[in-house]
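Laboratory data are not the source of any read-out in this text; all were calculated from the coordinates shown. Just so it is clear, the model here is predicted, and its values are computed rather than measured. Cβ placement follows ideal geometry from the backbone for every residue including glycine, while neighbour counts extend to all protein chains displayed.
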There are 2 protein chains.
Amino acid sequence: MEAMVVKEILREAQFRPDKMGKADLIRGEMLSAGLNCFEPGQEHSAHVHAGQDKLYCVLQGEGELMIGAVTTSFREGDLALAPAGVEHGLRNTGPGRLVVMVVFAPPPGHR
Amino acid sequence: MEAMVVKEILREAQFRPDKMGKADLIRGEMLSAGLNCFEPGQEHSAHVHAGQDKLYCVLQGEGELMIGAVTTSFREGDLALAPAGVEHGLRNTGPGRLVVMVVFAPPPGHR
């Protein structure tokens with residue numbers, strides 16, 4: 001597999017008027033990275049990934065994060081792990097857009 | 001495994017006068033995240049991780065990144081993947097400090 005470089009990842013953000021937007025950034029054999037992009041008020045409702053750890057890193061904006069029994073405010077510069085099998089969700093509670101980098105290990109579709 | 005949240009990850013940065021500083025942030029079963037912290041001129045010389053993908057995300061500063069045959073400038077907001085088995089290194093070429101978040105999958109010491 002070859003090196004992959006993506007400059008200025010915030011420029012890859014994709015927003016949708018009806019729901020959270022997604023953008024793929026990088027995919028390796030053991031991890032993948034992408035963006036989840038929220039207009040004000042949009043959310044990613046609670047869900048679970050079986051067998052995948054998911055890392056969240058807030059690049060822009062602020063929101064409310066739920067992972068298992070933990071609910072916390074979450075803003076630019078914060079990091080969180082939703083371990084495999086633990087329910088998690090995210091909502092943009094701020095006045096502006098929210099952009100979060102998500103890293104999955106293993107990547108979606110991995111066997 | 002439980003949820004983990006780290007607020008303001010840049011505040012976890014650890015610098016050393018003699019070489020790159022490291023800080024652990026989060027560890028799951030399938031990935032881990034930490035910081036690599038460089039004073040001006042410091043570098044992480046070329047090395048390889050067998051069986052681990054390594055993701056780099058620049059949080060602050062600028063540098064020169066080498067992955068395999070690719071050498072590129074690398075600054076705040078940029079992302080790169082050093083795939084398992086591919087040599088990579090990083091050097092702070094800017095006037096200020098360089099802080100890079102690194103994500104490993106699987107985490108170091110994983111069996």
How many nanometers, to one decimal and shortest first, lie between the label point of B:Lys19 and those of its other copies, if labels sit 7 Å from Cα toward Cβ?
4.9
How far, in nm to one decimal, is A:Val5 from itself in the other copies if the label point is set 7 angstrom along Cα toward Cβ? Shortest first, please.
3.6
Using alpha carbon centroids, what distance separates region B:77-111 and region A:44-111, in Å?
21
For chain B, what's the relative contact order in percent, using C-alpha pairs closer than 8 Å and at least 6 residues apart?
32
Can you give the FRET efficiency for B:Arg97 and A:His47, using 1/(1 + (r/R0)^6), R0 = 41 Å, r = Cβ-Cβ distance, to the nearest 0.05?
0.65
When the distances between all Cα atoms of chain B are binned every 5 Å from zero, what whole-number percent does each bin get?
2, 13, 22, 25, 20, 12, 4, 1, 0
For A:Lys22, go through the lysines and keep the ones whose alpha-carbon is under 24 Å away, minus same-chain ones fewer than eight residues off.
A:Lys7, A:Lys54, B:Lys7, B:Lys54
Averaged over residues of B:30-37, the number of beta carbons from other chains lying within 10 Å of each residue's Cβ is 4
Sorted by average packing, counted as other Cβ atoms within 10 angstrom per residue and highest first, what order do A:30-43, B:47-60 take?
A:30-43, B:47-60
If you take each beta carbon of peptide B:68-80 and count the beta carbons of other chains within 10 angstrom, what is the mean?
4
Run the dipole for region B:6-50 about the Cα centre, Lys and Arg Cβ at +1, Asp and Glu Cβ at -1, nothing else charged, and hand back the magnitude in debye, nearest 20.
60
